1. So if I check each of 228, 277, 234, 204, which one is in contact with a Leu (Cβ under 8 Å, 6 or more places away or on another chain), surrounded by fewer than 20 Cβ atoms within 10 Å (Cβ to Cβ) and closer than 30 Å to residue 89 by Cβ?
2. Condition first: more than 16 Å from the ligand (Cβ to nearest atom) and of a type in the set (Asp, Glu). Now tell me which residues in segment 177-202 satisfy that.
3. For segment 51-74, name all the residues that are closer than 17 Å to residue 130 by Cα and within 16 Å of the ligand (Cβ to nearest atom).
4. Is one or more of the residues making up segment 152-170 within 15 Å of the ligand (Cβ to nearest atom) and touching a Pro at 6+ places or on another chain (Cβ under 8 Å)?
5. Output the residues belonging to segment 182-223 that are among the hydroxyl-bearing types (Ser, Thr, Tyr) and farther than 17 Å from residue 275 by Cα.
6. Got a sec? Which of 116, 77, 87 is more than 14 Å from the ligand (Cβ to nearest atom) and under 13 Å from the mean Cα position of the chain (by Cα)?
7. With respect to residue 71, determine if the residue is touching a Gly at 6+ places or on another chain (Cβ under 9 Å), in contact (Cβ under 8 Å) with a residue 40 or more places away in the chain and under 17 Å from residue 110 (Cα atoms).
8. Where in segment 203-321 are there strands (runs of 3 or more DSSP E), lying wholly inside it, with at least 3 residues that are closer than 29 Å to residue 183 by Cβ, outside the structural domain of residue 80 (by TED's automatic domain parsing) and within 16 Å of the ligand (Cβ to nearest atom)?
Amino acid sequence: MAREFELIRWIRERTRIQGADSLQGLVRLGIGDDCAILDSPPDGRGWLMTTDMLMDGRHFRLAEGVHAPELVGRKAMAVNVSDIAAMAGTPVAALVSVALPREGFDAVARGLTRGMRQEADRFGIVLAGGDTNLWNGPLVLNVTLIGLEPSSGAILRSGAKPGDVIAVSGPLGGSLPSGRDMRPQPRVAEAQELLNALGPDLHAMIDLSDGLGGDIRHILTESGGLGARLRATAIPVHEDVRNHFAGEVASDDAAALRHALSDGEDFELCFCVAPKAARRLPRWATQIGTVTDSGQLTVEWGDGRETLWLTGGFDHFRSFGA
Ligand SMILES: [Mg+2]
């Protein structure tokens, strides 16, 4: 037990609250008591809360020696930050629970803490509490992240309207074979830039964790069963797709797009914007299509064909005339 207490002290020394002048001042009490205490958010804003569990063998490979604990800690924090970004919020405080493999737990815990601390520092997040356990199983860790709602209100999935322009914050696909899936770059600043530029014309937003083709359906469903028409030539395909699936992409025109739509773990933002506001989109945003009232997700090709996008692929048998 002595090593566990020493470990907790070591972690605590790395989680000091920085100052009352920043958002971190909203964390009145951090690690060290039975609970952390957060003050009420200013200006009637709400707290955003999100949680994500990562398991060895499923979301990363630590026991096999593929991923270092620092990288795992960084990803565990970053995927939660990405969810706060998706609502245009600002991350403030994290609670971290870990089930550590008994063998070598000390080095794993320290590596995890360094990785989480590094990512938390990038976004001014306080590590406000957590729970450390040892067991004979593989590493499991859960991060709960609390963020501040923007003063004009969080951007929900449910606000899209027919005619809205759909845009993304960056190129998609090929994240897993390139290892980019372990190094998400949460788009907190970009989301806030969007909100500043667009105001109430920013209708809906989501972060892309499972792939555009699936995640955009969450927006369409939550917005009342809407559809979307994506332009195949406009969707930015990440260079990782060409680098890691060269043979497949060379022999099949649709293959690169299939990767962009379904690989997942891109952690870019996808958002829906009133058409009149599209010219106010920042330069890094790429317009990829339009929200429709069809209830279907379709892809329009350069030659005028339009095909349905079903889970995992294009339905070439149901192409529509131009
Ligand atoms: Mg999300």
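The values are calculated or read from the model by the stated rules, or taken from the named source; none is laboratory data. Worth saying up front: this structure is predicted, and the values here are computed from it rather than measured. Positions of Cβ are generated from backbone atoms using ideal geometry, with glycine treated the same way; all protein chains shown enter the neighbour counts.
1. Exactly one of 228, 277, 234, 204 is in contact with a Leu (Cβ under 8 Å, 6 or more places away or on another chain), surrounded by fewer than 20 Cβ atoms within 10 Å (Cβ to Cβ) and closer than 30 Å to residue 89 by Cβ, namely 277.
2. Listed by number, the residues that qualify are 193, 201.
3. Once the filter is applied, which keeps residues that are closer than 17 Å to residue 130 by Cα and within 16 Å of the ligand (Cβ to nearest atom), segment 51-74 yields 51, 52, 53, 54.
4. Let us first name the residues in segment 152-170 that are within 15 Å of the ligand (Cβ to nearest atom), namely 154-158, 168-169.
Of the ones still in play, those that are also touching a Pro at 6+ places or on another chain (Cβ under 8 Å) are 168.
The answer is yes, given that some residue of segment 152-170 is within 15 Å of the ligand (Cβ to nearest atom) and touching a Pro at 6+ places or on another chain (Cβ under 8 Å).
5. Step one: filter segment 182-223 for residues among the hydroxyl-bearing types (Ser, Thr, Tyr), giving 209, 221, 223.
Correct list: 209, 221.
6. Numbers: 116 fails: under 13 Å from the mean Cα position of the chain (by Cα); 87 fails: more than 14 Å from the ligand (Cβ to nearest atom).
Only one candidate qualifies: 77.
7. Details: touching a Gly at 6+ places or on another chain (Cβ under 9 Å): yes; in contact (Cβ under 8 Å) with a residue 40 or more places away in the chain: yes; under 17 Å from residue 110 (Cα atoms): yes.
Considered against the rule, which asks whether it is touching a Gly at 6+ places or on another chain (Cβ under 9 Å), in contact (Cβ under 8 Å) with a residue 40 or more places away in the chain and under 17 Å from residue 110 (Cα atoms), residue 71 comes out as yes.
8. Values: elements: 227-231, 269-273, 286-292, 297-300, 306-310, 313-320.
In segment 203-321, 269-273 are the strands (runs of 3 or more DSSP E) which contain 3 or more residues that are closer than 29 Å to residue 183 by Cβ, outside the structural domain of residue 80 (by TED's automatic domain parsing) and within 16 Å of the ligand (Cβ to nearest atom).
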